[in-house]
Amino acid sequence: MAMPELLGVSPVAPPSGPRYKARALGASWVLLGLLLAALSVAQAEKAAGHVTDKGTLTVERCWVRTTHARHGDGDRDVCVGLYRGENGRTVRDGAELKGFYVPGERVRVYREDSEYYVIGWRAFWGWLACAFGGALLVCLGMVTVIVGIHAKTLEELDAVKSLLRLQPAVADCLRWLRRVGVAGLVLCFVLALISH
């Protein structure tokens, strides 16, 4: 049994006083993770081709566009070509698509807010990986909300693990959420690499 005068310095003892800031930070991570997962799943669905305004873009030429932003300069590959909607009636010349493609290549795309985005498995798996990343963020936030400690050091991480062991049902749920998130992230990354 720990001596009362040493409770404040023990790595497994919870810090004294209310831990509202840590719990508020954890709750914001949970909300951010849920938002990221929801948006990523919606984008993955679009990348799979479940959209109304889709068609093909025949690439005419590509170049590197240099952008000057506040946070630094960056280069971005941009291609331009002829967009033909799947219905056959919509034709737009000069449609821009981010990325580098071979001139003459036909790329399946969808149009949203006058921007063109790729329809394909690589984009689908990339967005789905972001959804699993959101699940990991939810897991991290839930741990912070439950324990009330935002672990910054190894000692604090050990304290969080010890406090989670006191609640085995919650620890098991969070462990499974973490495993699913990591496995899904790795699987999506591998599938995105082998997809074309």
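The values are calculated or read from the model by the stated rules, or taken from the named source; none is laboratory data. Please read all numbers here as calculations on a predicted model, not as lab measurements. A quick note on method: Cβ atoms are made from the backbone with ideal geometry, for glycine too, and the neighbour counts reach across all protein chains shown. The area values use the complete protein model at the heavy-atom level, side chains included, leaving out ligands, DNA and RNA. Shrake-Rupley method; radii C 1.70, N 1.55, O 1.52, S 1.80 Å.
In table form, for the structure just shown:
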quantity	calculated
Cysteines without a disulfide-compatible partner [the chain; Cβ-Cβ under 4.7 Å]	CYS130, CYS139, CYS173, CYS188
For the chain, share of DSSP beta bridges that run antiparallel, in % to the nearest 5	95
Length-normalised contact order of the stretch 125-196 in % [C-alpha pairs under 8 Å, at least 6 apart]	55
Farthest positive-ward along the chain dipole, Cα basis, beta-carbon charges - from VAL41, PRO103, THR66	VAL41
Helix 121-147 vs. the chain, principal-axis angle (Cα, 0 to 90°, nearest 10)	20
Solvent accessible area, Å² - ASP113, 1.4 Å probe, full protein context	130
At q = 0.11, 0.12 Å⁻¹, base-10 log of I(q)/I(0) for the stretch 87-195 (Debye sum, equal scatterers on each alpha carbon)	-0.57, -0.63
C-alpha long axis of helix 168-194 to longest principal axis of the chain, angle in °	30
Mean separation of Cα contacts under 8 Å, 6 or more apart, over the residue count of the chain: relative contact order %	28
